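Novice: Here's a structure for you.
What follows is calculated from the coordinates using simple rules that are stated; it is not laboratory data. What you see is a predicted model; the values in this text were computed from it and never measured. Using ideal geometry, Cβ is built from the backbone for each residue, glycine included, and neighbour counts are taken over all protein chains shown.
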Amino acid sequence: MIRKINLLLEPLKYLKIQQNFEARLISTTVNLFNESTAERPATSVANIKSKNTLNKAMKSYLERAQQHDEFMKTEKHQFEIGKRHLANMMGENPETFTQDDIDNAIEYLFPSGLYDKRARPLMKPPEEVFPQRKAAEFDETGRPYHFLFYTGRPNLYQVLHDTVEKINELNNFEDTMIRKNLQPDPNLALELSGSQWLDKNTLEQKLVEPVSDGEYSNFLKAMDRLCSLPYSHKAKDFIMEYRKPLMSNSEAFDVIKPQIGPDGRQFVTTYECRRKRAIGNVTIRFPGTGKISINGQDINYFKGIQQREQLLFPLIFTNMQRKVDIEAEVQDGGESGQAGAIRYGIAWGLRSFIDQEYIENMRLAGLLTPDFRIRERKKPGQKGARKKFTWKKR
Amino acid sequence: MFKTTADLLIKSHPLRVVQGRFFAAAVAEPKSEDRLQSFRTFEADPSKHNTNHQSQFYKVDSTDKKVLFQYGGLPKSFQIQAKTFNETCLMVRDPSIQIINHLKTIDYTQPPIKFVLYGKKGCGKTLTLAHIMHYAYKNDFLIVHVPWVGNWMRRCKDTSNSETKPGFIDLNIDAAAWLVHFKTQNANILENPELKTTIDIQWNKRECTPIGSSLLELIDQGINRIRFASNCVNYLAEEVKKLSQSGLCRTLLAIDGFNAFFYPNTRVFTEKKEMVPPSRVTLTEGFLNLTKFDWKNSVIVVTVDEIAIAEKDQISHYPRYLLGKSGFEHLDPFLPVEVKDYSEKEHQSIMDYYRERKWIHSYPGQNDELYFLSGGNPFRLMNLCNAL
Amino acid sequence: MMNLSRNIERVPFRSIEKQLVASYCNSSPQTQTKQEEFRALNIRNVKDPFQTRRRLQKTAVFPPRADQMPVDQDWGSVWPGPRSFHPATVPLPVRQGFTEKGAPPPNKFNNAELMKIPNFLHLTPPVIKRQCEALKKFCTPWPKALDNEDKIQKNFPIEVISSDYCYSSPTIRDPMARIITVKFKLASLKLDDRARDKFLRLVGPRYNEENDTVTIVTDRCPLKKQNYDYAMYLVTALFHESKKVEPWEEMKSEADMEIYCWENNASKKNIEALFGCKSEEIPNAAEYSEAVSHYMNEGENDYTISKYGEAVKKLLKLQGTN
């Protein structure tokens, strides 16, 4: 119980609403023992009129909450004043001075080149600076509001509880539908392909509670179970609350729209194609005749047969070798790295000129997957990156 | 890699490829006849070759080949392939037609015209030269042909100090070998009794070749007395010059890797292991003498090649760089003729030729793929096809 | 509801029990009175554990000056010059510092990070505007006639750049103020080819080929005036030196030439020997000579070499291909 108090937070408003009801409840039962319980409500924080006992922990909690409140109030005040000062310094109107203006002004006045942006000077409203804390979970007598309080993770278990409730509901619904001889409509089926479950950290933030690995896997299992039900679309809102869209991936896979060059041909440039240490930019022009220029030279830029093959593979694979022109600029790295970088660039750019079916084939052939591997450094005390010296007893 | 590419293509388009195969099976037979027309010419006489025969193959008669190229003159890899194919076929290409046309029309009473063949490594300079030599052979030229100067300057057999010229180095074995080569190439013409020496040549106290002895005797002297081979070459050069001047014969001077005569870092060493520049090799003198303007009734075709010089200096394939200042001034004015990489048509032709010889298995899209992979370079294409 | 009330009843009962036990165990009267406070365990039985210590006299610290600042003050006079950050003077609740998870970044007081980084508190936009206004009266208007770059270039071919520094340190001299940069276009000197070549050799890397500009920087002397004089001396000396022709310059041979000149090269002798007459009399020789010089001067490429081939063909009267 005392441990829980550490999690306390400003509950005052909440408290005031709840107060009367709680007080009345307690008065019916507890008044009998007033003589023996020596504690007296002597708090000046909450104006509790009843003479009920006020828990000591609760009292200290309330004090701290009030302190925090006052602290936040002064901070907010100071921030407002500071904002006006800053607007005055920069010669702007303080009424229309926004947070963006503040950030720009701070960057101008305190230029810092520190790598981590979080380590640079900042001036933010106190709500953002001071981390959020959990609100009070119990009333002034120590009675928790939440029926799952003693699980230690009321919010998490609430979610699980809700999930099971939904599952039961849907099962019942399914039974009735089966009795009526009705099949679930496939058009309404829940579409989950574009999103994924919240990861553990996000879930922790959402629930304002620490979540262990085991609990997280339980959460996933329960959610999957719910989703697997035939009528899961009825609980769509609930499910979608715990999923986030896969925006980044689908965006990255969007085909670049070709631009029109000065010669009237379409072209697509893929920047920063990498392989090993090599990095290059590849431009594909359509329609073309199969000309290839690499750093101003033709395909003879590469001496080895392997490199040329690498380069031509996406073109041959999509049957485009006579239909496009390729210009590549590549630097650093070695021969095979450069060839691999250009290969990736060609494959990536070619998507703009070919059918979806070909793109899918290219993806399956692994042409659209960048190869991020680079050489691992040698470690002192051993022969190579991982390899150890021959072990000899003496 | 090829196989995987093909497989993947087949996987992604099963229908189309099956059609293609069917096509190949059904149409291949009649088509091969047409193709035969397009990539082969039965005109075996190089003097009748013109632009209509461009990028077609003609067969070099085996007896001609034996005479002309018995002791070198064709690249080794080409010779091996010719042996495998059981015939020697040369492609009629643009630079050789150009030069042959010039040879037909130029005025032989004027000082010789110099043609310089240049081009990247492995694009067919030597084979162009071979084609021109075949023309010259058919037209009864006296052929003075050096198969590869690099063999003298960079891979000489032996060295000895010159007896007649102090400070000079003789490459006697190489010189004798060359005399044999010269003798075989020009066996027909040398039988002509009018070809006689014009001066007395005193080899040493006892041996001399008197004035009026036949050219064959001079050559035999060089071959038999290897000590005198280098000097013999120089005398021979002088004699050939005089005979041409007098109109007794018409000469084609064909030197492959001519720039080796001007590349200072040779691998010819004296006994003290000092490097000998080409200007101090006796053989150089004779051939530089031949490439001067002061004679007529002759024509000069030389090639400049990156491979004739040390690898570290192989920067550019252009003649001015390869010849150097002195070499350029020696040859100037010359007519530069570039030997280019294969054009599409030539590529098509050689691929058909390889297929006809059953040298490669074909698959759809092979021509394109190989053209891109080789970058149109004949030598590289040959190497690629070896594995197919 | 029933369930709930039952629970509620249970809790007080338990606490009563505990209370009873406690009162039996230590039935001292104080416990009752001091119930309000937490009791301290007196192990060593010291009579009065709370001995009054003498408090250290702390000097009164004035509240930060920033608290009294009006929000519409003139900041330029509060912070007139460059200075490291001072928390009591800067009325902004800035924070800086990377902290452990969950804690806010340290505030401006006693924050060394904020003092380490540079600041532009003395150069806020209104202050800059004000300073520009103040400097305006020292500036002269731009001559109206000099309205384009060509005229400037023509009338003032030489450009002298120096810097003056003004700041609040004890010295009024800045070592950087002595440096003089002189720039001018080489074309404005109107040198002939030979003199130009010599001039370029003399100035070396100070000449920029792209915009034809010579840049001379002098910083050897301690004073600006001296450096300026030295720069002017250099320009004069360079000009006259490049016009002078030394006796050894006449001995320049073919090997020393920077460019290929067909007239005095073997190529000319070659064709004269070939045709047996003077080069002027040979038809097409002019074109040939031009092609050769191009070929040698511009370097070898497909274009120059084909030009050379054409010229040779014409010279030797060869028929075109085919």
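Novice: Give B:104/B:345; B:242/B:273; A:291/C:307 a once-over and call out the pairs whose C-alpha atoms are over 30 Å from each other. Write down the numbers at each step before the final one.
Specialist: Details: B:104/B:345 26 Å; B:242/B:273 37 Å; A:291/C:307 26 Å.
Correct reply: B:242/B:273.
Novice: Would you order B:296, A:388, A:236 from fewest to most other beta-carbon atoms within 10 Å of each residue's own beta-carbon?
Specialist: Ascending number of Cβ neighbours within 10 Å: A:388, A:236, B:296.
Novice: Test of understanding: what is the full-extension gain from residue C:134 to residue C:57, defined as 0.36 nm times their sequence separation minus their Cα-Cα distance?
Specialist: My answer for the length gained is 22.7 nm.
Novice: Please state the charge dipole magnitude for chain B, taken about the Cα centre, from unit charges on C-beta atoms (+1 on K and R, -1 on D and E), reported in debye and rounded to the nearest 20.
Specialist: 720 debye
Novice: Continuing with the same structure: For the pairs B:241/C:314; B:76/C:314; A:83/C:101, note any where the Cα-Cα span goes beyond 31 Å.
Specialist: B:76/C:314
Novice: Determine the alpha carbon to alpha carbon distance for each of B:138/B:292; B:59/B:292; B:125/B:325 and list only those over 28 Å.
Specialist: B:59/B:292
Novice: May I pose another question? Enumerate the aspartates and glutamates that residue C:225 could reach by cross-link, defined here as Cα to Cα under 19 Å, with residues fewer than 8 away along the same chain left out.
Specialist: C:159, C:164, C:174
Novice: Farthest toward the dipole's positive end in the stretch C:149-246, which of C:238, C:167, C:191, given Cβ charges of +1 (Lys, Arg) and -1 (Asp, Glu) about the Cα centre?
Specialist: C:238
Novice: Using a ≥ b ≥ c from the Cα gyration tensor of the stretch A:283-330 (square roots of the eigenvalues), is it rounded, prolate or oblate, where a/c under 1.5 gives rounded and otherwise the larger of a/b and b/c decides, a/b for prolate?
Specialist: The shape class here is oblate.
Novice: Rounded to the nearest 20 debye, what is the charge dipole size of chain C about its Cα centre when +1 sits on each Lys and Arg Cβ and -1 on each Asp and Glu Cβ?
Specialist: Computed charge dipole of chain C: roughly 3280 debye.
Novice: OK, next. Using Cα springs under 10 Å in a Gaussian network model of chain B, which residue among B:308, B:44, B:229 shows the largest mean-square fluctuation?
Specialist: Of B:308, B:44, B:229, the Gaussian network model singles out B:44 as fluctuating most.
Novice: Set Lys and Arg Cβ to +1 and Asp and Glu Cβ to -1, take the dipole of chain C about its Cα centre, and tell me which of C:179, C:152, C:64 lies farthest positive.
Specialist: The Cα lying farthest towards the positive end belongs to C:64.
Novice: How would you classify chain B from its alpha-carbon gyration tensor, with a ≥ b ≥ c the square roots of the eigenvalues: rounded for a/c under 1.5, else prolate if a/b is greater than b/c, otherwise oblate?
Specialist: It comes out prolate by the Cα gyration axes.
Novice: Hey, which lysines would be in cross-link range of residue A:59, C-alpha to C-alpha under 19 Å, not counting anything within fewer than 8 residues on its own chain?
Specialist: A:4, A:13, A:16, A:49, A:51, A:134, C:34
Novice: Efficiency by 1/(1 + (r/R0)^6): what FRET value for residue C:185 and residue C:243, r their Cβ-Cβ distance, R0 = 25 Å, to the nearest 0.05?
Specialist: Once rounded, the FRET efficiency stands at 0.90.
Novice: Name the lysines eligible as straight-distance cross-link partners of residue A:379: C-alpha to C-alpha under 22 Å, and not fewer than 8 places from it in the same chain.
Specialist: Residue A:379 reaches A:276, A:387, A:388, A:392, A:393.
Novice: For a quick size check, give me the Cα extents of the protein assembly as shown along its three principal axes, largest first, whole Å.
Specialist: 155, 98, 76
Novice: Using only the alpha carbons, work out the radius of gyration and Dmax of chain C in angstrom.
Specialist: My reading of the Cα-based Rg and Dmax gives 45.6, 143 Å.
Novice: OK, next. Could you tell me which trypsin sites (Lys or Arg not before Pro) in the stretch C:45-145 are loop residues by DSSP with no more than 16 other beta carbons within 10 angstrom of their beta carbon?
Specialist: Listed in order of number, the matching sites are C:47, C:53, C:54, C:55, C:58, C:83, C:101, C:137, C:144.
Novice: If you don't mind, another one. What is the count of Lys pairs in the stretch A:149-248 whose alpha carbons sit under 25 Å apart, if the two are 8 or more places apart or on different chains?
Specialist: Counting lysine pairs in the stretch A:149-248 gives 21.
Novice: A further question on this structure: Using the 10 angstrom Cβ neighbour count as an exposure proxy, how do B:182, B:293 rank, fewest first?
Specialist: By the 10 Å Cβ count, ascending: B:293, B:182.
Novice: Tell me, Kirkwood radius of the stretch C:259-315 from alpha-carbon pair distances, in Å?
Specialist: Value: 11.4 Å, from the Cα pair sum.
Novice: Return the FRET efficiency for the residue pair residue B:164, residue C:277: r is the Cβ-Cβ distance, R0 is 41 Å, and the value is rounded to the nearest 0.05.
Specialist: So, using R0 = 41 Å, E works out to roughly 0.65.
Novice: Scan chain C and report its longest stretch carrying no GluC sites (Glu not before Pro) that are both in a DSSP loop and have at most 15 other Cβ atoms within 10 Å.
Specialist: Longest stretch, sites excluded: C:101-208.
Novice: How would the stretch B:219-341 be classified by its alpha-carbon gyration tensor: rounded, prolate or oblate, with rounded meaning a/c under 1.5 and the a/b versus b/c comparison settling the rest?
Specialist: It comes out oblate by the Cα gyration axes.
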